[in-house]
Amino acid sequence: MEYDTFTAKPIEPCVRKQYQVPLLSCPKSPSIDASLLSSHVQLAYSPWPFLCPWDKRDLLSVSTPNHSPHPSRALTMSDANPAPHHEHDPTTADVNGSKEQDQDDHKPRDSKGWDGKLRLDKMTLVDEPRDPHAQVVSDPESEDEGPPPEQLAADEDLLDDTPEDEDEIELVHCKISDMDSLRLERFKQMKRLCLRQNRIESISIPADAADTLTEIDLYDNLISHIKNLEPFTNLTSLDLSFNKIKHIKRINHLTKLRDLYFVQNKIGKIENLEGLTNLRQIELGANRVREIEGLETLTGLEELWLGKNKITEIKGLDTLSNLKILSIQSNRLRSLSGLSHLTSLEELHVSHNLLTSLSGLSSNANLRVIDISANPIEHLAGLDGLNHLQEFWASNCKLGDFREIERELRDKEELETVYFEGNPLQRQQPALYRNKIRLALPRVVQIDASKSHLSCFLEKENHRILLSLSGIPI
C-alpha cells in the first residue's frame, strides 16, 4: 500500500493527488516542480524556500507521485528548468472518483479547492538551516512551544555530596541566584564560603554560621547593597569585587577584617570604614573614587590599591605609617606630594598618570619598587636617598639621556631590574640601547623583559661551579 506524502494516508494505485501550494507573488518567480527525493538527498526545513504570505492569485498545482517509498521526506525542486504546470480546476471531476475522496479529506476548502493548510509530516522538520527569506509554515495541530529553558537555580542538590562537617564551601560559576536554597545551615563548621561568578543579588547567610565563618567570597555576582552581615563579626576576609555596589555601608562592625576587596564596583566615595583597625589591605581599584579619604583610622593598613579611579591628588594618608604598598595607577595625578609620612612604603605604583617629575620621594627611603611607566616624565631627578631600590619601571616615558640614567641609578647597589622600553633613548638607538644600559648599570640583571648577558653568564658560571663541587663531570 502506498501513502500520501503530506497526509500519510493510504492512497489507491495510479492516483496522483494534487495539492495547491501558495508561492511568492513575484513576476520573476519561476514555477516550482516539487517531487519527492530519494533517501540520499539533503533534507530541507521547508519544501518551498520561496514561501511567503499567501497570494491566492498565484496558486500552482504540485503533483506528488504515488510511488515514493519515503512519504515523510521533504520536497525540493526536482529540475533546474521545470516545465510549467497546468492550472488546476477544482470543478473537474476525477475519473476515479478522487474528487469525492479529496473533499472528505480536506474540508472546508476555499473557492480554488485549497483548505489553507500544508500538511507536512513532523519528520520533515529536521535540523537543516532555514532559508532567511522563507516564512515558517506550521500546522496548528502540531505546533509546540517546547519546554521552558533550563533553570539552574541553586538548591540542595548542588551540595548533596558535600559532608556536613566540611569547613570550606565552594560553588563557582553555578548560576546560583538564591543563597537560601543552598541550606547552608547544615554546615556547622563552615569557615570559608566561596560563591564566585554566580547570579546572587542579595547576601543571605544563616546566622548560625557566625561563630565559625571567617571568609566570604562573593566575587562577580549581582549584589547592589551590602546587607545582612551583622552577625559575622569573626570575618577576616570579605570579597565583594565585580558587583554593583555604589556605597560602602554596614561593615564597620567587622573589626577583625584583615582583607577587604571592592574591585570593579560603582563606588564613588571611601566611607564607613571607621573601626577597622585590623585591616591589612583594601582594594578599591576600578571604581569611581575621586578623592582619597576615610582612611585615617586604618592605622594597621599595609596595602592600598586604588588603580583605575579618578583621583587627582595624593592626600589623607598621613596616619598610615605602616603602609608598604600603594597603587594609584591609571588615575589623574600630576605630582607625588603627599607621601612624606609613609616612611614604611616599599612599593609605589603610579603608572599611567600625568606626572612630569619624581620630586616628593625623599622621605621614602625604604622603597624597593617604583613603577612610573606611561607618564610624561623627561628627567629622573628625585631618586636621591633611595638606596634600597631593586626594581625601577619607566617604560613609555620621555627619557632620552643615557648619561642621566647612569647618574641617577648607578649608585643603587641593590638595583636588579629596569624597564626603559618605549622611551626615546630606546627608540632612537634600538641596536645600541641594551648595551648602553649594561654599561651604565653593570649590576642590573634584567633589562625590560629579558635578562642581560652578564646575568646569563653569571648563572652559567654558578651552575658550572655547583656541578664541579658536586663531582658531576662538566
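The values are calculated or read from the model by the stated rules, or taken from the named source; none is laboratory data. The structure displayed is predicted, hence computed values, not measured ones. Neighbour counts are summed over all protein chains in view; Cβ atoms, including those assigned to glycine, are modelled from backbone coordinates with ideal geometry.
Observations, loosely collected:
- Of note, residue 436 does not satisfy the criterion of being under 25 Å from residue 378 (Cβ atoms), modelled with pLDDT of 90 or more, charged (D, E, K, R) and part of a loop (DSSP other than H, G, I, E, B).
- Scanning the stretch 159-210 for residues that are in a loop (DSSP other than H, G, I, E, B) and among the basic types (Lys, Arg) yields 175, 183, 188, 191, 196, 199.
- Test: residue in the stretch 366-378 that is touching a helix residue (DSSP H, G or I) at 6+ places or on another chain (Cβ under 8 Å), within 22 Å of residue 400 (Cβ to Cβ) and in contact (Cβ under 8 Å) with a residue 12 or more places away in the chain: no
- Applying the criterion of being at positive phi and over 40 Å from the mean Cα position of the chain (by Cα) to the residues of the stretch 361-390, the residue that is surrounded by the most Cβ atoms within 10 Å (Cβ to Cβ) is 382.
Yes/no per residue for (1) modelled with pLDDT of 95 or more; (2) surrounded by 15 or more Cβ atoms within 10 Å (Cβ to Cβ); (3) in contact with a Lys or Arg (Cβ under 7 Å, 6 or more places away or on another chain):
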{"residue": "247", "(1), (2), (3)": "yes, yes, no"}
{"residue": "263", "(1), (2), (3)": "yes, yes, no"}
{"residue": "288", "(1), (2), (3)": "yes, no, yes"}
{"residue": "319", "(1), (2), (3)": "yes, no, no"}
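- Within the set 227, 269, the sole residue that is surrounded by fewer than 19 Cβ atoms within 10 Å (Cβ to Cβ) and over 17 Å from residue 180 (Cβ atoms) turns out to be 269.
- Only listed residue being among the hydrophobic types (A, V, I, L, M, F, W, C) and part of a loop (DSSP other than H, G, I, E, B), chosen from 238, 229: 229
- In the stretch 150-183, residue modelled with the lowest pLDDT [restricted to those that are more than 22 Å from the chain's Cα centre (by Cα) and under 19 Å from residue 222 (Cβ atoms)]: 155
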